[in-house]
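Here is the structure we will look at, set down as structure tokens.
The values are calculated or read from the model by the stated rules, or taken from the named source; none is laboratory data. For clarity, every value in this text was computed on a predicted model and none was experimentally measured. Counting neighbours? That spans all protein chains shown, and the Cβs are built from the backbone with ideal geometry, glycine included. Ligands, DNA and RNA are stripped out before the accessible areas are found, and what is left, the full protein with its side chains, is counted by its heavy atoms. Shrake-Rupley method; radii C 1.70, N 1.55, O 1.52, S 1.80 Å.
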Amino acid sequence: MTGWRFAVDRGGTFTDIVAVAPDGAVVTTKLLSAAPAYADAAAEGIRRIARGDPIASVRMGTTVATNALLERGGEPVVLAITRGFTDALRIGHQARPRLFDRAIILPEPLYARTIAIGERLTADGDVLTALDEATAAADLAAAFAAGFRAVAIVLLHGYRFPAHETRVAAIAAR
């Protein structure tokens, strides 16, 4: 292996860094997540450990985001999703501990509102339905006017072909 491998966990108070040197030695450090001496704790820790040597990989997690999800904190989120799939996350995959209960108790969704985005790509990336930018812009503007400042964009096959997601993100950023 050439270069250092880093694993970083950014928490609200501390940032923990575990590094594996090219020779296999393990080095750890802990920095304050916010300090006047540096702009970014993860970058500072990597700089201190690698000291200019090549870096093979950096894996980063954040306890801050995980805690916000678990505690239902942070900004209310709008879910912008391909039209026809607005209930997909709510329906889920039907895996639940008591499958045959008549009264199904579902957890509250992590998003507060959905926007159905008119668009559709095939699994091969072909456009079945062109992105309806005008409606997406109007719906995103209405969500913004209602006070939403965070949006999760999840379009069908966007993990492989992100053009529509990128365009919706650009519209949302206006």
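The alpha-carbon atoms of segment 123-163 define a convex hull whose volume equals 71 cubic angstrom per residue.
Seen from Ala146, the other residues with C-beta closer than 12 Å to its C-beta sum to a net charge of +1, counting Lys and Arg as +1 and Asp and Glu as -1.
Protein-only accessible surface at a 1.4 angstrom probe places the residues Val77, Val168, Val18 in the order Val18, Val77, Val168, largest first. Here is the P(r) of segment 6-70: all C-alpha pair distances, binned every 5 Å from 0, give 4, 18, 29, 24, 14, 8, 3, 1 in whole percents. Report note on the peptides 118-126, 48-56: ranked by the mean count of other C-beta atoms within 10 Å, highest first, their order is 118-126, 48-56. Ligands, DNA and RNA left out, the accessible area of the chain computed with a 1.4 Å probe is 58% carbon and sulfur.
In the chain, helices alone account for a calculated mean residue ellipticity at 222 nm of -7500 deg cm²/dmol, with every DSSP H run of four or more residues adding -39,500 (n - 2.57).
Could you report segment 34-174's accessible area per residue, 1.4 Å probe, as an integer in Å²?
For segment 34-174, the solvent-accessible area averages 67 Å² per residue.
The distance between label points at Ala103 and Ala25 comes to 6.2 nm (points 7 Å beyond Cα on the Cα→Cβ vector).
Neighbours of Ala116 by Cβ distance under 13 Å: Lys/Arg scored +1, Asp/Glu scored -1, total -1.
Among beta bridges identified by DSSP and lying wholly in the chain, the antiparallel ones come to about 50 percent. Stretched out straight at 0.36 nm per residue, the stretch from Leu70 to Thr135 would grow longer than its current Cα-Cα span by 20.1 nm. The accessible area of Glu71, taken with all protein chains in place and a 1.4 Å probe, comes to roughly 140 Å².
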